[in-house]
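The values are calculated or read from the model by the stated rules, or taken from the named source; none is laboratory data. All figures in this text were calculated on a predicted structure; none of them were measured in a lab. Neighbour counts run over all protein chains shown; Cβ positions are idealised from the backbone, glycine included. Keep in mind that these areas ignore ligands, DNA and RNA; they rest on the heavy atoms of the full protein, side chains included. Shrake-Rupley method; radii C 1.70, N 1.55, O 1.52, S 1.80 Å.
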Amino acid sequence: MSALAYPDHITATYYLVLAAILFTIGAVGLLVRKNTLVMFMCIELMLNAANLTFVSFANALNDISGQVIVFFTLVVAAAEVAVGLAIIVAIFRRRQSVNADDVDLLKG
Amino acid sequence: MIAENVVFGIIAAAMALGAIGVVRTKNVVHAALYLVVVLAGGAAQFILLGQEFVAWVQVLVYIGAVIVLFLFGIMLTRAPMHPKDSLDNDLRWPAAVTSLFLVGILVGLLVHTFHADKVDVQRPVRTADVTSSIFTTYIVPFEVVGVLLLGALIGAVVLARKD
């Protein structure tokens, strides 16, 4: 852990550790929440943490591909949110609920 | 470099608190607003890393479009906004174990592997370089992702249509 003690120059490790912590918080939220909208927000948190990792590597390695891939990730996340919210609205129209625990028709 | 360290620390703390707010708040609208804090903090970190193109794309796409979509979703599903309706399930202890495991592995691996990489903020990336990279090296993925977005939007309309 000596890399984290009193730096004169900030290193990529700080950004990577921040991204890891955000990813973990998002994963925990996905596990403990049962409202599907909030679960979606936690997925966005995890995607955002992955984007932060891509950008910090793009900077540390001086490679432009990291930024391009972040651009693609953003587009895929936007598509995912559009389809996911449409599915949630369709489920709500049928069952009057957005709780993940209520969608249990396939449960044995 | 002290100023950069301080700014990074402040933004990182705001992002972590916002993320905890998303996971802990009892109000769905508040969760969306905490998510705005995290996304804006991410954009600020991108600018701190000298990568302004993705920072502004983040502001436009995430804060501008995705959050508005979330607010529409909250509105259309009449999500619970009172503290009496719980948003959590009973997976608290498995989640705690998973989080400790995940954060231990991720932080340990990242610190152990990449502790020598410096972040070079003296050399911001020009947006022209990013766009020319998108339209030369990554032109095929760019077109594919455009078709994906079109398909996703048509699919969302078909799914959400009242029939």
Quiz item: Of the residues in the stretch A:25-37, how many are open to solvent by less than 10 Å² (accessible area, probe 1.4 Å) and within 10 Å of the chain's Cα centre (by Cα)?
Solution: 1
Practice problem: Within the stretch B:10-42, work out how many residues are more than 10 Å from chain A (Cβ to nearest Cβ) and closer than 18 Å to residue A:55 by Cα. | Solution: 1
Quiz item: Quick check, is residue B:34 open to solvent by 40 Å² or more (accessible area, probe 1.4 Å) and not hydrophobic (A, V, I, L, M, F, W, C)?
Solution: yes
Self-check item: Per-region count, the stretch A:56-84, residues over 17 Å from residue B:63 (Cα atoms), in contact (Cβ under 8 Å) with a residue 24 or more places away in the chain and within 7 Å of chain B (Cβ to nearest Cβ)
Solution: 3
Quiz item: In this structure, does residue A:63 turn out to be within 22 Å of the chain's Cα centre (by Cα) and of a type in the set (Asp, Glu)?
Solution: no
Self-check item: Scan of the stretch A:38-55 for residues that are free of Cβ contacts under 8 Å to residues at least 12 places away in the same chain and open to solvent by 10 Å² or more (accessible area, probe 1.4 Å), ordered by number
Solution: none
Practice problem: Among residues belonging to the stretch B:1-24 that are of a type outside the set (Asp, Glu) and in contact (Cβ under 8 Å) with a residue 40 or more places away in the chain, point out the one that is surrounded by the fewest Cβ atoms within 10 Å (Cβ to Cβ). | Solution: B:7
Quiz prompt | Single unsatisfied condition, residue B:55 versus (1) open to solvent by less than 40 Å² (accessible area, probe 1.4 Å); (2) facing chain A (nearest Cβ under 7 Å) | solution = (2)
Quiz item: Looking at B:89, B:27, B:5, which one is on the phi < 0 side of the Ramachandran plot, of a type in the set (S, T, N, Q) and under 21 Å from the mean Cα position of the chain (by Cα)?
Solution: B:27
Quiz item: Are any residues in the stretch A:56-69 among the aliphatic types (A, V, I, L, M) and surrounded by fewer than 24 Cβ atoms within 10 Å (Cβ to Cβ), and if so, which ones?
Solution: A:60, A:61, A:64, A:68, A:69
